[in-house]
Every structure is written in C-alpha cells, then in structure tokens.
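J.: Encoded as structure tokens, here's the structure I'll be asking about.
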Amino acid sequence: MGAAMVEIPREYGYVVLVFISYGLLNSWMSYQVANARRKYKVPYPTLYAVESENKDAKLFNCVQRGHQNSLETLPLFLASLLVGGIRHPLISAGLGAFYTVARFFYFRGYATGIPSNRLKIGYAKIILFPSIKILHL
C-alpha cells in the first residue's frame with residue numbers, strides 16, 4: 001500500500017498566520033482571566049465564583065466563561081482551519097481571520113457582565129440582525 005502525498009499550497013502561510021493570531025488571542029484572554037481573578041479576589045483552583053461568597057461573582061464568571069467558551073470551540077476551529085487550508089488556503093484563512101476577530105468581540109462583550117453583549121460585533125449587529133435589541137452600557 002502506497003503513502004498518500006499531500007501538496008501544501010504556497011498560500012498556506014496565511015492559514016498559519018491565522019493559527020498564530022488565534023493563539024495570541026487565546027493568550028490575551030487567559031491574561032484577562034488572571035487579571036479578573038486578582039481584581040475580584042477569586043483564588044485558584046476555583047473555576048467559577050459563587051455569588052453568595054463574592055459580590056463580584058457575576059463579573060468574574062462572565063470573563064471566565066467568555067474564555068472557557070472559546071476553549072470549547074478551539075479544537076473544531078483549528079482542525080477546520082488547518083485541514084481546510086490544505087485545499088482552500090485563502091478561503092480558510094479569510095474565514096479564520098473573521099472568526100478570530102469575532103471571538104475577540106465576543107469575549108469583550110461577554111466580559112462586560114452582560115452576557116447578551118457577547119453577540120455584538122461593533123455595530124455590525126445592527127446591520128446584520130436589526131430585529132435583535134441592543135443593550136447599551
């Protein structure tokens with residue numbers, strides 16, 4: 001039985017750049033969680049703060065949950081990015097870059113303490129989904 005040969009296209013470097021940028025985003029989100037732990041006094045190994053023990057539990061939990069949600073989708077995203085990039089590197093890199101930017105705004109919105117803010121991507125939400133009500137801080 002012969003080995004299958006896979007030819008990596010020249011444009012695959014864009015896929016690698018998106019891969020690295022998502023890694024940097026994930027590191028930044030981890031840093032935000034660490035800062036929230038210090039700010040809201042939530043010690044390790046506690047994953048989520050309890051409202052009866054910490055008045056800022058909801059704020060911390062929103063930061064933690066925003067990062068945790070990104071970690072939950074990470075394997076599927078990276079597998080799709082890397083495998084799809086073999087055949088369609090520019091499409092995969094473009095969609096991956098969009099997803100990375102969207103994840104940044106998702107996290108920033110979620111970390112406000114108002115979970116519905118995670119659905120905002122700037123004012124694109126108004127244009128793309130006009131029927132959804134927007135909460136202003």
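The values are calculated or read from the model by the stated rules, or taken from the named source; none is laboratory data. All of these numbers come straight from a predicted model, not from anything done at the bench. Using ideal geometry, Cβ is built from the backbone for each residue, glycine included, and neighbour counts are taken over all protein chains shown.
J.: If the requirement is being among the hydrophobic types (A, V, I, L, M, F, W, C) and modelled with pLDDT of 90 or more, which of these qualifies: Ala57, Ala36, Ala49, Ala3?
T.: Ala36
J.: In this structure, is Ser52 surrounded by fewer than 15 Cβ atoms within 10 Å (Cβ to Cβ), over 23 Å from Arg118 (Cα atoms) and either under 12 Å from the mean Cα position of the chain (by Cα) or of a type in the set (Ser, Thr, Tyr) (or both)?
T.: Yes: the conditions hold for Ser52.
J.: In addition: How about the stretch 7-34: which of its residues are under 20 Å from Phe104 (Cβ atoms), out of contact with any Ser or Thr (no Cβ under 9 Å at 6 or more places or on another chain) and touching a residue at least 24 places away in the same chain (Cβ under 8 Å)?
T.: Scanning the stretch 7-34 gives Leu17, Phe19, Ser30, Gln32, Val33.
J.: I've got another one for you. Is at least one residue of the stretch 107-117 polar (S, T, N, Q), modelled with pLDDT under 90, over 30 Å from Glu11 (Cβ atoms) and part of a helix (DSSP H, G or I)?
T.: yes
J.: Among the residues of the stretch 55-93, which ones are surrounded by fewer than 19 Cβ atoms within 10 Å (Cβ to Cβ) and hydroxyl-bearing (Ser, Thr, Tyr)?
T.: Thr73, Ser80
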